[in-house]
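> Please read through the structure below; I'll follow up with questions.
The values are calculated or read from the model by the stated rules, or taken from the named source; none is laboratory data. These figures come from a predicted structure and were not determined experimentally. All Cβ positions, glycine included, derive from the backbone under ideal geometry; neighbour counts span all protein chains shown.
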Amino acid sequence: MTTRVYLRSPDGAETVRDIGNGYWLEPEGTAGQVIGQDMYALPGLSDGHAHFAAPVGQDWQSDAYDDAVRRARLALQAGVLLALDKGWSNNFTVRIIDTVPPLERPDIEAAGIINAVKDGYWPNFARELDQVGFDEGINQSLDDSRGWIKFVGDWPRRGQGPVANFSQEELAKAVAAAEAVGSRVAIHTMARDAPSMAVRAGVHSIEHGLFLTEEDLNELGGRGGMWVPTILRMEAVVTQLGPESSGGKLILEGLDNLRHLLPLAAEAGVHLLAGTDVTVGAHDVALEAQRLVDYGLPVDRALEAVSSEAYRATGRPHAFEVGSPANAVFFPANPLEEFEVLTSPRMVLRLGELVT
């Protein structure tokens, strides 16, 4: 029985496709069933900074593998069809990619164990490259990952404030090694100096990046780089540290900086992505997209940030093209007019199958 799907994009474009073996086909003949009418469709929501291994709200310990699988399935049910998982203290997400059937999870690209240095992240959490050796650590990261390796670029030290963990030369070396095998590099950075250094080193995705400059954005956009501000996470860190603490004041300054930087990033061609980090789960990525709007990003660009932009950034089809996977998420109203509808999809289609 042929399934015919009506795909009306928020911009008003209408596409009709049949489904065959999980892929979009040109419509032909009479359909056995028709779905998607009177709804609006996106190729899928996306989370540009997921952590399926992380218990929501806790960034210092890992959970059971079965709980990581549950979080991936919950994201799928919420319409998240692409997730870029930026690593953790284990390889749970890589294991999900390797063992959980695609129909039961989003498409996922993932870093494995996060890279830092001694005293440069949570104790006993990351791979400490100054202990295992930089080259060996990078090789381990590439072997253990699925498309990404992740660095903690800066971290506060007592009495010093935020300190960079890696040099520009080290980051550039990691970028070259990753690109040689078709992988990308992401970097956590919340302080002033590391974002610009990471951009100069060619890092593919800046995570948080509150102190990027206009020059950084132009360079990042010019080479198709990504930026994932994770606003909800940054606001939660301010609450944890206290707004009057030195760290809290720094992050508040950076958050205020976003109001200037977000529109510039869109204009510069940066792949600006919505990402949840650990404050909310990937199933709530629409809440992060709303914060992008609250901080000054136009609604149409925020919609792209939580949907098609991650597809563009990773080279995936995102316009319901014939021959591409039959993935779509449907909403009862136009997200450009009722942005909050993103939290309540009516129907999710994964590889031609309805998600329940």
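> Looking at (1) out of contact with any Asp or Glu (no Cβ under 8 Å at 6 or more places or on another chain); (2) more than 30 Å from residue 335 (Cα to Cα); (3) assigned by TED's automatic domain parsing to the domain that holds residue 189, find the lone condition where residue 112 falls short.
Residue 112 satisfies all of (1) out of contact with any Asp or Glu (no Cβ under 8 Å at 6 or more places or on another chain); (2) more than 30 Å from residue 335 (Cα to Cα); (3) assigned by TED's automatic domain parsing to the domain that holds residue 189 except (1).
> Give me the pairs, please: first residue somewhere in the range 285-302 and assigned by TED's automatic domain parsing to the domain that holds residue 229, second residue anywhere and charged (D, E, K, R) and buried (at least 19 other Cβ atoms within 10 Å of the Cβ), beta-carbon distance under 7 Å, and either six or more positions apart or on two chains.
What qualifies is 285/47.
> Sort out for me the helices (runs of 4 or more DSSP H) sitting completely within the range 150-242 that have 2 or more residues that are among the acidic types (Asp, Glu).
Working: elements: 168-180, 194-201, 214-222, 231-241.
Fully inside the range 150-242 and qualifying: 168-180, 214-222.
> Could you give every pair whose Cβ atoms fall below 7 Å, whose first residue belongs to the range 98-116 and is more than 22 Å from residue 185 (Cβ to Cβ) and touching a residue at least 60 places away in the same chain (Cβ under 8 Å), and whose second residue is surrounded by fewer than 22 Cβ atoms within 10 Å (Cβ to Cβ) and of a type outside the set (D, E, K, R), counting only separations of at least 6 or pairs across chains?
Here the result reads 102/351; 103/351, each pair linking the range 98-116 to a residue that is surrounded by fewer than 22 Cβ atoms within 10 Å (Cβ to Cβ) and of a type outside the set (D, E, K, R).
> Write out, first by first residue and then by second, each pair whose Cβ atoms fall under 8 Å of each other, whose residues are 6+ apart or on separate chains, and whose first residue, in the range 4-16, is on the phi < 0 side of the Ramachandran plot and of a type in the set (Asp, Glu) while the second is in a strand (DSSP E or B) and modelled with pLDDT of 95 or more.
Here the result reads 14/6; 14/7; 14/8, each pair linking the range 4-16 to a residue that is in a strand (DSSP E or B) and modelled with pLDDT of 95 or more.
> Tell me whether the range 319-330 contains one or more residues that are part of a loop (DSSP other than H, G, I, E, B), outside the structural domain of residue 104 (by TED's automatic domain parsing) and buried (at least 23 other Cβ atoms within 10 Å of the Cβ).
There is at least one residue in the range 319-330 that is part of a loop (DSSP other than H, G, I, E, B), outside the structural domain of residue 104 (by TED's automatic domain parsing) and buried (at least 23 other Cβ atoms within 10 Å of the Cβ).
> Then there's this: Quick check on my filter: what residues within the range 240-252 are surrounded by fewer than 17 Cβ atoms within 10 Å (Cβ to Cβ) and free of Cβ contacts under 8 Å to residues at least 12 places away in the same chain?
First, the residues of the range 240-252 that are surrounded by fewer than 17 Cβ atoms within 10 Å (Cβ to Cβ): 240, 242-246, 248-249.
Of everything in the range 240-252, those that are surrounded by fewer than 17 Cβ atoms within 10 Å (Cβ to Cβ) and free of Cβ contacts under 8 Å to residues at least 12 places away in the same chain turn out to be 240, 242, 243, 244, 245, 248, 249.
> Please enumerate the residues belonging to the range 122-149 that are surrounded by fewer than 22 Cβ atoms within 10 Å (Cβ to Cβ) and in a loop (DSSP other than H, G, I, E, B).
Correct list: 122, 123, 124, 125, 133.
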